[in-house]
1. What do you reckon, is B:F136 among the aromatic types (F, W, Y), away from chain A (no Cβ under 14 Å), within 19 Å of B:D177 (Cα to Cα) and more than 20 Å from the chain's Cα centre (by Cα)?
2. Cβ-Cβ below 7 Å, separation at least six or inter-chain, first residue in the stretch C:310-329 and free of Cβ contacts under 8 Å to residues at least 60 places away in the same chain, second assigned to a loop (DSSP other than H, G, I, E, B): which pairs?
3. Test C:E331 against the criterion of being surrounded by fewer than 23 Cβ atoms within 10 Å (Cβ to Cβ) and either within 14 Å of chain B (Cβ to nearest Cβ) or part of a helix (DSSP H, G or I) (or both), and give yes or no.
4. Could you tell me whether any residue of the stretch C:381-394 is more than 12 Å from chain A (Cβ to nearest Cβ), free of Cβ contacts under 8 Å to residues at least 60 places away in the same chain and surrounded by fewer than 18 Cβ atoms within 10 Å (Cβ to Cβ)?
5. Could you grab me the full set of residues in the stretch C:361-372 that are buried (at least 18 other Cβ atoms within 10 Å of the Cβ) and either at the interface with another protein chain (Cβ under 9 Å from one of its Cβ atoms) or aliphatic (A, V, I, L, M) (or both)?
6. Testing C:A155 on (1) at pLDDT 90 or above; (2) among the small types (G, A, S); (3) crowded, with 20+ Cβ neighbours inside 10 Å, one condition comes back false. Which one is that?
7. Given (1) within 16 Å of ligand 1 (Cβ to nearest atom); (2) assigned to a loop (DSSP other than H, G, I, E, B); (3) of a type in the set (F, W, Y), identify the lone condition not met by B:F272.
Amino acid sequence: MTHAEEPARRGVLNWLLGLWGGGVLASIVYPVARYLAPPDIPEAAALSTNAGSAQALAPNSGRVVPFGARPAIVIRTPAGELRAFSATCTHLDCTVQYRPDLQRIWCACHNGEYDLNGRNVAGPPPRPLDPYDANVTGDEIVITRRA
Amino acid sequence: MTDGRWRAWIDERFPLDDVLESLRHKRVPHHRYSIWYYFGGMTLFLFLIQVGTGALLLLYYRPSATEAYESVQFIVSRVPFGWLVRSIHAWAANLMVASAFAHLFSVLFLHAYRRPRELTWISGFLLLLLTLGFGFTGYLLPWNEVSFFATRVGTDIAATVPVVGEGLLRFLRGGDDVTGATLTRLFGFHVAVLPAVATALVAFHLLLVQRHGMSVPPSIEQRAADPGTVRSIPFLPHFLLRDLFAWTAVLAALAALATFFPWELGAKADPFAPAPAGIRPEWYFLWAFETLKHVPPTVAGLSGEVVAVAAMGLGALAALLLPLLAGESPRARSVVVWAGAAALLFLSVMTGLALRAAAP
Amino acid sequence: MTTVRWCDGAMVRRCARQCVVQRCALVACLLLAADARAQTTADAAAAAFKDDVHAAAGLACSACHRSAAAGMYDAPARTATAPLCATCHGDAAYMRKFDPQLRVDQFAQYRTSGHGKRMEAGDGRVATCNDCHGAHGVRRVRDARSPVAPLNVVATCGRCHGDAARMALFGRQATAPEEWSASVHAAALVKRGDTSAPTCVSCHGSHGATPPGVASVANVCAQCHLREAELFRASPKRDIFEALGQAECLVCHGNHRIESPPDSWVGVQEGAVCTQCHDATGDSGAAIVDIRRRLDGLQAALSAADAILTRAEHAGMLVDEGRLALQTAREHQVQSRALVHAFAAAPFAKTADEGLAAARRAHEAGEAAMRELQVRRQGLGVATLLVLAFLVTLWAKIRRLPPA
Ligand code: HEM
Ligand code: FES
């Protein structure tokens with residue numbers, strides 16, 4: 001090995017090292033940069049969700065809204081009170097709806113009925129619906145899971 | 001020669017050249033136990049990874065009982081590469097504990113704690129405790145079922161500490177039970193108190209290491225014809241490049257672990273649900289958990305748990321003060337080796353028993 | 001004699017002593033001779049009575065043992081038991097004093113029941129009040145320890161109706177309780193603890209127990225299964241079954257051993273319930289085959305979607321939207337199964353197709369997650385290659401460092 005060759009080889013080695021090192025750095029920087037960019041959905045939906053306009057919800061009617069991975073139902077009683085429940089039927093997990101004619105929350109799957117307090121009063125459902133809190137801020141109904 | 005101008009500019013304001021100069025003269029002994037010199041650097045590297053990934057997690061994490069779980073779920077499912085960051089933080093935490101233990105035992109068996117490195121040992125031991133503290137406080141943060149109940153059990157053990165137990169329990173939990181208050185509290189420790197203390201201690205530890213250089217094990221020193229002539233390699237670049245090699249390899253391993261074995265999130269903690277079966281603390285606390293299972297209910301008229309906790313505390317204290325307790329004689333050194341081996345055996349057997357009990 | 005709240009062994013002996021004094025030597029002898037047995041039964045009765053609703057209401061032994069004043073505590077005749085209980089329980093003015101809500105029609109109902117009719121005809125082998133409610137430890141029906149509480153009532157009826165020898169005397173079978181135990185209703189009650197699940201009394205009544213008639217079966221089932229009953233009643237099947245004298249729900253579902261109906265019941269092949277009347281020919285055969293095809297298709301799509309979502313979850317992916325879509329698909333499956341009772345292809349097909357679409361969405365979410373996983377692994381592969389190249393070069397560099 002001559003003296004001329006040695007530094008040349010070292011030069012190549014350093015160059016390669018820089019190349020691969022740059023690649024390694026890039027594979028660290030890229031995920032971090034992507035992580036830092038705000039995600040499309042900016043926040044974790046957690047304990048509460050907006051359930052639309054309070055005005056638009058007439059007495060003796062109800063509305064089903066998504067709440068996390070499950071549906072919730074918000075109703076306005078004939079007396080004008082707002083109430084919210086899990087909309088998952090306690091029988092076989094169908095989504096319940098409001099029946100103005102019955103003045104009850106009703107499950108179409110097997111005709112399960114819940115009263116305006118979410119109590120199972122007719123049909124197969126074995127348990128009441130889980131209650132949520134419904135509040136109004138501005139004109140927006142906000143449903144909150146009870147901690 | 002812009003390079004030189006820059007150097008001059010900096011040097012005028014900060015003694016960079018002095019630092020580089022001393023590093024250039026730093027040498028690391030090279031012998032058959034040299035491999036163990038790498039674990040300190042590895043622990044440091046993993047700590048830096050934790051600081052980096054921890055800071056990233058903080059951008060999206062929310063420390064409250066109502067939102068913690070959802071925010072971690074958000075990180076791993078919605079934030080690009082959030083799954084990677086979280087899994088690396090969780091995996092690196094485990095590797096860091098393992099690496100810190102390896103570092104401690106290698107220092108012990110190579111007798112590197114001897115004069116004048118007593119303070120290095122003591123600060124290092126405190127750093128190990130801090131690392132365990134990081135693990136313990138971080139575990140609850142995702143607010144999932146396993147971590148919730150493991151934290152309940154873990155803090156319960158604190159209650160058995162003689163005299164201050166009750167107070168300690170309330171201090172750790174921020175109340176009588178594990179609640180959202182505990183989460184906020186452990187979060188504060190995890191991301192503010194412990195990092196601040198750890199950073200200061202790491203700096204102190206490194207300063208001492210720098211000051212004293214690497215210790216040469218007595219056995220190697222004796223074997224060398226002349227004590228001053230143990231073979232060594234320069235820190236720059238020989239040792240540092242080897243360090244870099246190990247760090248890069250571990251980084252790749254971490255990425256692979258995170259991709260193929262993503263850290264589980266499980267179900268959200270429900271404080272009112274009955275504890276699910278198989279609740280265990282993290283593996284590095286298993287030995288203590290198992291020991292408590294084996295102590296008889298009463299020892300010499302005292303509660304067995306209290307005795308065991310007191311014994312573990314004394315053991316930790318003895319380990320902390322090891323360099324002050326152990327003399328300089330070869331006999332004293334062999335006592336240390338045997339005690340270290342016994343401790344290692346005890347930890348491994350207890351951990352093994354706990355793991356075996358957990359396996360179906 | 002003084003009035004006592006309950007009769008214990010000591011009191012029986014006291015009575016015997018009094019009999020001697022009152023020269024009822026024979027009674028005294030009988031009482032004393034039977035002392036060992038009498039004492040234990042009397043003790044047991046007395047102990048049980050302490051926890052009896054009647055004791056709690058302040059009644060004493062003499063309320064039922066009318067000759068207690070004379071020291072006689074023999075049990076009322078079986079044929080006389082129900083009228084005896086009814087002296088209070090049929091008296092609205094009296095019962096109101098204890099609980100204004102209590103019903104007082106039990107005896108009237110009993111007299112219409114199979115048990116009551118035979119009993120009135122003098123056949124003491126059939127059940128009367130104390131056979132189900134107990135005699136000295138009578139509890140409220142809503143007390144979980146009552147023999148007629150939901151979890152106990154089947155065993156109580158089963159004491160006779162599950163006893164083949166006893167039932168043989170009446171030319172009846174004793175299989176109902178056991179069959180019920182294998183039913184979805186038993187599972188709901190016993191395993192899920194759903195005390196609203198039907199037991200014997202839910203369909204047969206309690207005091208007025210009789211088998212429901214052919215025409216009233218749907219009414220009985222409709223107490224809970226209203227949706228299916230409504231659909232059935234609006235369907236052409238109702239009139240057909242009535243004309244044939246068939247017992248509505250029972251035709252397909254049977255009675256005591258009601259099982260969870262598998263999709264394979266719909267069809268024109270072996271084991272399908274439709275084959276009782278239909279075969280593969282004609283429009284109806286085609287409609288049945290079509291309904292079955294959709295049921296199967298939906299189930300297959302659901303299983304496939306669930307499998308891929310589970311696979312993605314096991315690999316550490318969160319697939320919430322997929323799960324939500326799967327949930328919607330399940331809901332449509334439940335609804336479409338109910339819609340089978342409309343016995344018409346159109347409404348069923350619409351719901352089943354919606355379910356199928358939701359199941360497809362769930363499947364796509366699972367596939368997307370698996371693709372994402374693939375991308376992650378490829379990314380890791382590239383990064384690992386870079387790291388390896390770097391490590392190899394670095395090692396070469398370390399080897400070539402000038403000697404220390
Ligand atoms: C300055 C340093 C650090 C910061 C800012 C930080 C921050 C965080 C945050 C925000 C979390 C919650 C997110 C999550 O659970 O995924 C977390 C979790 C955790 N941290 Fe740290 N951390 C730091 C250092 C450490 C160190 C040094 C260790 C270990 C020795 C550690 C161990 C853990 C563990 C075990 C978890 C739970 C992991 C999980 O289940 O996700 N952390 N950390
Ligand atoms: S699922 Fe709601 S009644 Fe059956």
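The values are calculated or read from the model by the stated rules, or taken from the named source; none is laboratory data. Computed from a predicted structure; not experimentally measured. Neighbour counts are summed over all protein chains in view; Cβ atoms, including those assigned to glycine, are modelled from backbone coordinates with ideal geometry.
1. Criteria not met by B:F136.
2. C:E313/C:V319; C:G316/B:P262; C:D320/A:A69; C:R323/A:A69; C:L324/A:A69; C:Q327/A:D93
3. No.
4. No, that holds for no residue.
5. Within the stretch C:361-372, C:A362, C:A365, C:A369 qualify.
6. (3)
7. Result: B:F272 passes all but (1).
Rundown of residues vs (1) over 24 Å from B:F204 (Cα atoms); (2) away from chain A (no Cβ under 14 Å); (3) more than 12 Å from ligand 1 (Cβ to nearest atom), yes/no style:
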residue: B:S22; (1), (2), (3): no, yes, yes
residue: B:P29; (1), (2), (3): no, yes, yes
residue: B:R32; (1), (2), (3): yes, yes, yes
residue: B:L44; (1), (2), (3): no, yes, no
residue: B:A68; (1), (2), (3): yes, no, no
